[in-house]
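Reading through the structure tokens given below for one structure.
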Amino acid sequence: MKKHNFSAGPSILPDFTIKNTAEAVVNFAGTGLSVMEVSHRDKEFMAVMDQATTLFKELLDIPSGYQVVFLGGGASMQFCMVPYNLLNKKAAYLNTGTWASKAIKEAKFFGDVVEVGSSKDENYSYIPKGYTIPADADYFHITTNNTIFGTEIREDLDVNVPLVADMSSDIFSRPIDVSKYGIIYGGAQKNLAPSGVAFAIVKEDILGKTDRPIPTMLNYKTHIDNDSMFNTPPVLPVFSALQTLIWLKDQGGVAAMEKRNIRKANMLYSEIERNKLFKATVKHEEDRSVMNICFVMNEEYKELETAFREYAISLG
Ligand code: PLP
């Protein structure tokens, strides 16, 4: 029986990704070498990077003026790269959970951070609404899917300043209007590939507006100008990412993924609502994530939590 890792990440990857990656570990593209042994400058790997970038753009319908880069350092490195590259004086952040708080902490090294809204008061069980973004903010940062707390912003917000989004755990889960964003970033290990690679979709004209010198590796421009090959990229995760992108296209792309995700989420949420053992942790239905469904045992059944876990594990 194939077991299902119910966690948001590292997450279950398509069999297609796993099988092709396993094969490439042994014999990559018929080279007789492992993908871990070839040079990233070999034509076989250059083709992988090229296809991954192209397919990434195609699947998300990324307009011209934007570049996609694959980077090391995970989404956490983006918490620092975003302000390093964009924050002159002031940035606005929405505090919707652990990851948003970590992004806020990093931004404070670079300038004023205005927390325009926070749901910390209620253990991040809702998405704050009705906030005002200062017109002089260099950008507004959101975490679209709050992996730990199970809330999600499922619309592309219209805001008065460049919008930056951490989409680590909902990228490719629905069609997005990329034109509404300045930067979208995330770690790959939720929806794309094994850990070790992060992605960033960068609107080129928002760069170059800070006065501070930016270290080479932390400058988006370095990676854009070098097609994600400035230094040795994480070849194995990038290879895996390409497999998932091919699989996504074959499944009907992000529109098909959205339908599938909603169907799965509804199935689970309706059982949680129906079943007296459980309760969903997110207050308002409209804030509930379709990516990771957070639930706990109701108070009166709390002592069954271990038994429930063991039962679920026994069923794979
Ligand atoms: N942002 C979100 C929404 C996440 O779920 C995670 C989880 O790992 C991170 C950021 C941190 O990513 P990384 O471990 O790639 O730095």
Within the stretch 268-289, whose backbone N sits under 17 Å from a point 7 Å along Cα→Cβ of residue 122?
279-289
Here the relative contact order (percent) of the stretch 154-201, from C-alpha pairs under 8 Å and at least 6 apart, is 34
Test of the criteria: in the stretch 118-158, which chymotrypsin sites (Phe, Trp or Tyr not before Pro) are in a DSSP loop and have at most 14 other Cβ atoms within 10 angstrom of their Cβ?
131
So what's the net charge close to residue 30: Lys and Arg +1, Asp and Glu -1, counting the other residues with Cβ under 13 Å from its Cβ?
-2
Only Lys, Arg (+1) and Asp, Glu (-1) charged, at Cβ; the stretch 22-250 dipole about Cα centre in debye:
420
In straight Cα distance, which lysines are under 26 Å from residue 108, not counting same-chain residues fewer than 8 positions off?
89, 90, 120, 129, 180, 203, 209, 221
Computed lengthening from residue 136 to residue 204, 0.36 nm per intervening residue step minus Cα-Cα distance
22.5 nm
Using only the C-alpha atoms of the chain, find the volume of their convex hull and express it per residue in Å³.
139
Express in whole angstrom the spacing between the alpha-carbon centres of the stretch 289-316 and the stretch 162-200.
28
Residue by residue through the stretch 128-141, the couplings from Karplus 6.51 cos²θ - 1.76 cosθ + 1.60 with θ = phi - 60°, in Hz, x for Gly and Pro, are x, 10, x, 8, 10, 9, x, 5, 9, 6, 6, 6, 10, 10
Only Cα pairs under 8 Å and at least 6 apart count here; give the relative contact order of the stretch 161-262 as a rounded whole percent.
28
For peptides 32-39, 162-169, sequence by mean Cβ density within 10 Å, most packed first
162-169, 32-39
The chain, relative contact order in percent, only Cα pairs under 8 angstrom and at least six apart counted:
23
With R₀ set to 51 angstrom, the calculated FRET efficiency between the beta-carbons of residue 129 and residue 3, to the nearest 0.05, is 0.85
What does the charge add up to near residue 112, with Lys and Arg as +1, Asp and Glu as -1, over the other residues with Cβ less than 9 Å from its Cβ?
+3
For residue 312 and residue 58 in one chain, what is 0.36 nm times their gap in residues minus the Cα-Cα distance, to one decimal in nm?
87.6 nm
Using only DSSP helix segments of four residues or longer, with each worth -39500 (n - 2.57), what per-residue ellipticity at 222 nm results for the chain after dividing by its residue count and rounding to 500?
-10500 deg cm²/dmol
Would you kindly state how much longer the chain becomes between residue 102 and residue 37 on full extension, computed as 0.36 nm times their sequence separation minus their alpha carbon distance, in nm to one decimal?
19.9 nm
³J(HN,Hα), Karplus 6.51/-1.76/1.60, whole Hz, each residue of the stretch 283-296, x for Gly, Pro:
4, 9, 4, 5, 8, 6, 5, 8, 8, 9, 9, 8, 8, 10
Other residues with Cβ under 14 Å from the Cβ of residue 273 give, with Lys and Arg +1 and Asp and Glu -1, a net charge of +3
Relative packing of peptides 5-14, 238-247 - highest average C-beta neighbours within 10 Å first
238-247, 5-14
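Taken together, the values in this text are just the output of simple stated rules run on the coordinates, not laboratory data. Source: prediction; values computed, not measured. Glycine also receives a Cβ, built like all others from the backbone with ideal geometry; neighbour counts cover every protein chain displayed.
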